[in-house]
Amino acid sequence: MRHTFSETLSGLRRNAGITMAVIVTMWVSLSLFGAGIIAAQQVNLLKDEWYDKVEVTVYLCTAKMSGTNCDPGQDITDQQRRLLRNAIENNSEVEVVHYESKEEAFVQFQKVFKDSPILDALTLEEMQDSFRVKLVDPTQHDGLYSQIQNMAGVQRVQDLHEILDPVFKVLAALQWGTIGLSILLLLAAALQISTTIRMATFTRGREIGIMRLVGASNFYIMTPFLLESLVAALIGAVCASGTLLFGVWFLIKRNSQGFLESFRTVDWPETLIAVGAVFGVAIVLSIIPTIISARRYLRV
């Protein structure tokens, strides 16, 4: 082992420039890879939180609001409202139904816009009564929508999925874009490792020939190259993990001071999952290219 470690240190010194390039590439690519994993967990946290609050709002016809299911110039009738409520309550996707009258909607409007000039823009007669529907599974809403959208007295159905789904699609695209870029950089690091092994074999050709003559095993010859790659990969992984930990610490600190306090953010457990994945990828990425290159160039 003393000879193996000596050869490893010698190889790291001899190829210091390329080793530094591998470390930096691993640092950047693993940081992006870990950030992609953290971003995926953050998106899932937001989905769990926001989708849990999703409500379907069924706005009812009024004399001043037109719609395909409304009689011109007339409010929804009591019978239409009763039939609509029964249909909503009997739907298997619905958990809770709350009826909001015009008066309640007007009071809420006054609270929200109490300091705004919009306050005088609407009167009680212009408000709409509605049904606020809480779903059993926020992701399952198509059945309710298709059932009630064409019922008499329904002016329109508002579903927050129309707003949230495009947002999460953009976040998912950014997340996979980050992971895709990190994969390209990881491939570049693998090619750099392969190039390092090739240069090292040319440099140590005489020593490798002597070891073969004295009967050294394939593993014994290959071990210094494996250790060189592993050291470079682990240093890159440590740097990447430090970057991820600092980033999450910064977000948590800002959050504790009020920034993003209304959102659930990733914490240390999610970060440790990303750090574990970073080290796992670093180890695999250092070993596999080294073994392939060593078998090719050392012909052991």
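Please treat every number below as a calculation from the coordinates, not as lab data. All values derive from a computational prediction rather than experimental measurement. Methodologically, a virtual Cβ is constructed for each residue, glycine included, from the backbone with ideal geometry; neighbour enumeration extends over all protein chains shown.
Data table
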item	result
In the range 30-88, the trypsin sites (Lys or Arg not before Pro) that fall in loop regions by DSSP, at most 14 other Cβ within 10 Å	Lys53, Lys64
Glu49/Asp142 FRET efficiency (R0 30 Å; Cβ-Cβ; nearest 0.05)	0.85
The range 55-159, relative contact order [Cα under 8 Å, separation at least 6], %	50 percent
Separation in nanometres of the label points that stand 7 Å from Cα toward Cβ, at Trp249 and Phe219	4.0 nm
Estimated [θ] at 222 nm from DSSP helical runs (n ≥ 4, -39500 (n - 2.57)) normalised by residues in the chain, nearest 500	-23500 deg cm²/dmol
Across Lys64/Lys102; Lys53/Lys102; Lys134/Lys169, pairs whose alpha-carbon gap is larger than 19 Å	Lys53/Lys102; Lys134/Lys169
Per-q log10 I(q)/I(0), the range 55-159, q = 0.25 Å⁻¹ (Debye; single scatterer per alpha-carbon; no solvent)	-1.32
Radius of gyration and maximum dimension Dmax of the chain, Cα, Å	31.5, 102
Gained length - Ala172 relative to Trp268, 0.36 nm times residue gap less alpha-carbon distance	32.4 nm
